[in-house]
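Please treat every number below as a calculation from the coordinates, not as lab data. Remember, predicted model here, so these are calculated numbers, not experimental data. For neighbour counting, all protein chains shown are included, and Cβ atoms are generated from backbone atoms with ideal geometry for every residue, glycine included.
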Amino acid sequence: QTVLNVSTWLPPTHVQNSVVWPTWGKWVEEATEGRVTVNIENSSNNPAQLFEVVEDSVADASFSFNGFVPGRFELEQIVELPGLGANAEAASLAYWRTYKKYLQAANEFDGLEVIGLFTHGPGVMHTRFPVNSLDDLKGKKIRIGGGVQAEIGKRLGVIPVAAPGNKVYELLQTGVVDGAFMPMVEQQGMRLVEVAPYVTVLPTGMYMGAFSMFISPDFMDSIGKKDAEAIRSVSGERLSLMAGAAWDKADIDAKKFSEENGGQVNLLSYGNQMSLDYLKITDGIDQSWLDAVKGKKVDAQAALDFLRIEAQMYTAKQKDTGAN
Amino acid sequence: MSFISWLNANYEERGPMKWLAFFFELIAAATLFALMILTCVDVVGRYFLNHPLIGATELTEIGLAIVIFSVMPVVTWRGSHIVVDLIDAFIKNTYLRVLALVSSVVISSSLYFISFRIWDVGSRMLRRNITTEFLHIETGLIVQYIAVLSFVTGISALLYFLLSVFTQPNSGEEK
Amino acid sequence: MTLILTSFAVLLIMIMLLRIPIAFAMGVVGFFGFAILSGLTWGDIGNFRWSIPLSMASNRIVDTAQDYGLSIIPLFILMGNLITRSGLSKQLYAASYAFLCHKKGGLAMATIAACGGFSAVSGSSLATAATMAKVAMPPMRKYGYSDALATASIASGGTLGILIPPSVMLIVYGLLTQTSIRELFAAGLIPGILGIFLYLGAVKYVVWRDPSAGPSAEAMSWAERLHALKGVRDILGLFILVMGGIYLGIFTPTEAAGIGAGGALVIALLRRSLSLSSLFKTLADSARTSATLFVIIIGALIFSDFINRAGLPGMMVDFVVSLDVAPILVIFVILMIYIILGMVLESFSMLLLTIPVFFPIVSELGYSLVWFGIVAVIVVEISLITPPVGMNVFVLSSIIKDVKTGTIFRGVLPFWTADIIRLLLVVFIVQISTWLPDMIYK
Ligand code: NA
Ligand code: NA
């Protein structure tokens, strides 16, 4: 019997730790008929290092946010670009399929075996003040995280304040920043409802955040072909979908939590002036991404088209089945 | 006062080590000074001029690593690492000297071996073009700086210890 | 379990008997412990993949050296050094002495209050102890205070601010347990102030036992007192700048360190108390002190990586769950575990390793998570002054070279006892922590 050590971060109550890892762990144990057991371990490492932690076999598997390592996962930003208009479940499925079909060849996950790809729910505005038009954001101090956010912030005319994610509560509480762009889940997870009760949600989402789950190739070698294949059979698309759906559910719970605790959640419609303005302002971000990944020897335009079609098709299917 | 006499008055090290100690401390002092200015400029710019310094956070992180590791050789060869000295009152100075040798070997060898690994980690980052978020500074370079200074600390601490044992058999270590 | 106990024993031998620097002892034990858990045996020393533990350690080194949150350590140390260099601290203590010299231990009490205020603002025990060591130690010595009382009041005083908002520890606890952070902040206030008063009581006790530890003198006249007050304008201005800037939202507690150092530099320049040579020496000295502290943090993190992989958190849960006793006894067992872990673990990793496993148990027993947050942070705070690995004590011994760690730990004992009293009060009288948040938010 082999123990598969999964190093994880985020609070134990977070869906990633209360749902995603335990569910996958059960799948792995069933698929390998108990020969591999999964041990979930809270890590106090900087989450940005977890890619290396697994590559160097310090832990066997883990997950992280691609944007934590600027420069390494440029292609993976594909799913973060504004305008996808899908929830995390649809985005995650489309992202996984796009990765397998187009992105994998560029080998950005060098040294790792990817077992799942997913996104958090659409990014929303958490602010200390009500946002009635995009002009209200001009000149406001907004905490900017990594990835595509910097470009969006620039186009919105905000004063960007860069700070690690775990400082966001403090920044908002003291008033050093007036707002932050993060998914809805942080109203509850980081208790942003206490310090930034105004939430503005665009129908297309502001942007997405891409995460990856990965396992050490050395670990896969060490357990033999049969068990490695068994683990793969319960990972990939199946794991990505499950993770995306779990993160969506966390967003829904967080919205309810926020509203129960004095949060003002403003869901905008497609026709709303702010939604239209946002589309105008973010127009052309695709092109900057396409330019940035030119050297990667991947047909980025085709990948982007494929991703969006996949996401739309799955979204339509979700609507048909009444899931959303 | 001339620079040389200032150096002699302020550094207990001997010979070229004086210069080396001054050199390392100069890098650390200048960087720490810059860190202080950086924060002030960033805050003043953000609050009063609505224009923060882009990349202040990542420059702070880099500066911090430079401050800490630049003085590491000096701190280590002077034996300034913190010890729990509960036994000092009960044992003879000779034993303390032996124990200091043990410590020196432990410190030097751990830094020596780890420095190669840190160097490799840095090279890997450089190969993958990992940069900072806003200023696009190669992160691997900072990691390799840490590696080089760890290596220098390991080697110099052991040499310095041996030197002080063999050249000053009856002084140096005593308080 | 055997491995964990063995490693604790080896660690204690290395730091107490072999006198190996604490940072390297923890790092080496953590390194080899982790190697054993990764498959190292006597037979395969040659074939073992040493890159596994080496990577674990090098990750900690590289990341800690570039940790944005830790940038407050060198900058607050620099601020303390500049304050001392420009004679500000001498004047502050001269003024305190003018008002308090007729009281035994008066300056130690003033130090406690100053540490409480400073750590409340900076949110960091380490930074407080490091800043105040330079500010408070030389004057207290000058007025005849014993090394044990002087150092202990700084080391202990530095722990006071953890509970008073803003508090990094309470934010981390809130994020880990999804507890309201503003309720935690409100809950920490009264226990935090209670801590200050209990520490003042500890000083009283020390000078009652040994009046020479904090000697008193003839009371000074009001004319003398007012004259002494003149000198404190600048330093009060500096503290108001730092505190006010944080509470008004102009800068974060992390940035306050850089602002404070910059302000101290300006004052030192205005007073013409700084030459190029002394500025350089102040900067270099601050860098060296910071380096010794960073190495300890790194060593402690490497050690905690090993403890974590060895499965200690899971074992603790199994042990606590297996107990078939009254809920309050379960809490006491948890507190005992904290006190014991506090001997060898650094405070931050202790919080990260233990809270995720303990809070579901506490919650299931029906206790308030806000209350447990305050209790947990108090025990974590106690670990900062619990020998042999007491970070605040190390800060003191790293800055004040001629005082032995043994002396400081001896001096800390009354303060440690005061902390235990406070812990018991907060555990038994739940309202001490829950009254204020309930009143504001419910
Ligand atoms: Na505080
Ligand atoms: Na301790």
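So the values come out like this:
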| read-out | value |
| --- | --- |
| Check: the protein assembly as shown dipole with +1 on Lys, Arg Cβ and -1 on Asp, Glu Cβ, in debye | 2680 debye |
| Given charges at Cβ of Lys, Arg, Asp, Glu: region B:3-167 dipole, positive-most of B:Gly63, B:Tyr11, B:Ile87 | B:Ile87 |
| Calculated diffusion of chain A, Stokes-Einstein form, Kirkwood radius summed over Cα pairs, 20 °C and 1.002 mPa s, µm²/s | 106 µm²/s |
| Dipole axis of region C:1-132 (+1 Lys, Arg; -1 Asp, Glu on Cβ), positive-most option in C:Leu78, C:Leu37, C:Thr2 | C:Leu78 |
| Length-normalised contact order for chain A - Cα pairs under 8 Å, 6+ apart - percent | 27 percent |
| Of C:Val427, A:Val293, C:Leu274, farthest towards positive along the dipole that unit charges on Lys, Arg, Asp, Glu beta carbons give the protein assembly as shown | C:Leu274 |
| Filtered trypsin sites (Lys or Arg not before Pro), region C:266-352: DSSP coil and at most 14 other beta carbons within 10 Å | C:Arg271, C:Arg272 |
| 10 Å Cβ neighbours from other chains, averaged over peptide A:168-176 | 6 |
| Those lysines that a straight Cα-Cα span of less than 23 Å connects to A:Lys100, excepting residues fewer than 8 apart in one chain | A:Lys225, A:Lys226, A:Lys294, A:Lys296, A:Lys297, A:Lys317 |
| 222 nm mean residue ellipticity, helices alone, for chain C (DSSP H n ≥ 4; -39,500 (n - 2.57); rounded to 500) | -25000 deg cm²/dmol |
| Student exercise, chain A dipole from Lys, Arg, Asp, Glu Cβ charges, in Debye to nearest 20 | 640 debye |
| Charge context of C:Phe99, other residues only, Cβ under 15 angstrom, K/R +1, D/E -1 | +2 |
| Residues of region A:198-239 with amide N under 15 Å of the 7 Å Cα→Cβ point at A:Leu279 | A:202-206 |
| Chain C - charge dipole about Cα centre, Lys and Arg +1 at Cβ, Asp and Glu -1, debye rounded to 20 | 1540 debye |
| A:Gln104 paired with B:Trp6, simple spin-label distance in nm, labels 7 Å along Cα-to-beta-carbon | 6.4 nm |
| Global form of chain B, assessed from the alpha-carbon gyration tensor, a/c cut-off 1.5 | prolate |
| Region C:357-421: trypsin sites (Lys or Arg not before Pro) falling in loop per DSSP and having at most 15 other Cβ within 10 Å | C:Lys401 |
| Rg/Rh ratio calculated on Cα atoms of chain C (Kirkwood radius) | 0.98 |
| Gap separating the Cα centres of region C:25-78 and region A:1-58, nearest whole Å | 21 Å |
| Centroid-to-centroid separation of region C:133-172 and region B:1-52 [C-alpha atoms, Å] | 27 Å |
| Paramagnetic reach from A:Leu267 in region A:108-146 [backbone N under 15 Å; point 7 Å along Cα→Cβ] | A:122, A:124 |
| Calculated FRET value between A:Ile309 and C:Ala9, using beta carbons and R₀ = 60 Å, to 0.05 | 0.45 |
| Computed [θ] at 222 nm, deg cm²/dmol, chain A (DSSP H ≥ 4; -39,500 (n - 2.57); rounded to nearest 500) | -12000 deg cm²/dmol |
| Cross-link reach list, aspartates and glutamates versus B:Lys92, counting only Cα pairs under 16 Å and skipping chain neighbours closer than eight places | B:Glu173, B:Glu174 |
| Loop-located trypsin sites (Lys or Arg not before Pro) in region B:88-133 whose Cβ has at most 15 other Cβ within 10 Å (DSSP) | B:Lys92 |
| Relative contact order [Cα under 8 Å, 6+ residues apart], region C:164-239, whole percent | 20 percent |
| Relative contact order computed over region C:9-66 (Cα-Cα under 8 Å; 6+ residues apart), in percent | 27 percent |
| Hz values of 3J(HN,Hα) by residue in region A:135-149 - Karplus curve (6.51, -1.76, 1.60), Gly and Pro given as x | 5, 4, 7, 4, x, 8, 7, 10, 6, 10, x, x, x, 6, 4 |
| Global form of region C:9-66, assessed from the alpha-carbon gyration tensor, a/c cut-off 1.5 | oblate |
| Spacing of the two label points (7 Å from each Cα toward its C-beta) at C:Asp324 and A:Lys249, in nm | 3.5 nm |
| Global geometry of the protein assembly as shown, whether rounded, prolate or oblate, following the gyration tensor of its Cα atoms and the 1.5 cut on a/c | prolate |
| Calculated FRET efficiency for the pair C:Arg209/A:Thr23, C-beta based, R₀ 45 Å, to 0.05 | 0.15 |
| 27 Å Cα-Cα threshold exceeded, pairs from A:Lys141/C:Lys281; A:Lys138/A:Lys167; A:Lys26/A:Lys249 | A:Lys141/C:Lys281 |
